[in-house]
Amino acid sequence: MIARIVAFAGFIALFAAISQGPVSLVNALNNIEGFLVLLYATLISVYKPDALREDLKGSIVVLKLLAILILFAGAYLVSA
């Protein structure tokens with residue numbers, strides 16, 4: 001139930017942001033989600049290794065960061 005309430009609040013916030021500014025900029029800011037998921041998954045895996053089975057080898061993390069950087073670059077190019 002709480003997840004639905006939070007999702008609905010996010011949906012309302014997204015439409016409020018679109019009504020206040022350019023859609024391309026709102027969409028670019030929406031792409032930060034991938035970075036936050038990686039950050040939270042990494043923090044959870046470091047502090048509670050049994051909670052997630054996330055591979056934290058250096059090369060894997062670098063590859064994920066590179067993918068997120070490409071997403072940010074694409075979002076920037078769309079919004080510029």
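Observations, loosely collected:
- Accessible surface area normalised per residue over the chain is 81 Å², counting heavy atoms of protein chains with a 1.4 Å rolling probe.
- Computed over the chain: relative contact order in percent, which uses C-alpha pairs under 8 Å that are six or more apart: 36 percent
- Helix content alone sets the calculated 222 nm mean residue ellipticity of the chain: runs of n ≥ 4 DSSP H residues at -39500 (n - 2.57) each, divided across all residues, give -27000 deg cm²/dmol.
- Modelled this way, with points 7 Å down the Cα-to-C-beta line, the labels at F11 and I60 are 3.4 nm from one another.
- Rounded to 10°, Cα long-axis angle of helix 58-79 versus longest principal axis of the chain: 10 degrees
- Between 0 and 90°, nearest 10: helix 32-47 axis offset from the chain longest Cα axis: 30 degrees
- For N31, residues with placed amide H under 5 Å, excluding near neighbours: none
The values are calculated or read from the model by the stated rules, or taken from the named source; none is laboratory data. Remember, it's a predicted structure, so these values are computed and weren't measured experimentally. Using ideal geometry, Cβ is built from the backbone for each residue, glycine included, and neighbour counts are taken over all protein chains shown. Surface areas here come from the heavy atoms of the whole protein model, side chains and all, with no ligands, DNA or RNA. Shrake-Rupley method; radii C 1.70, N 1.55, O 1.52, S 1.80 Å.
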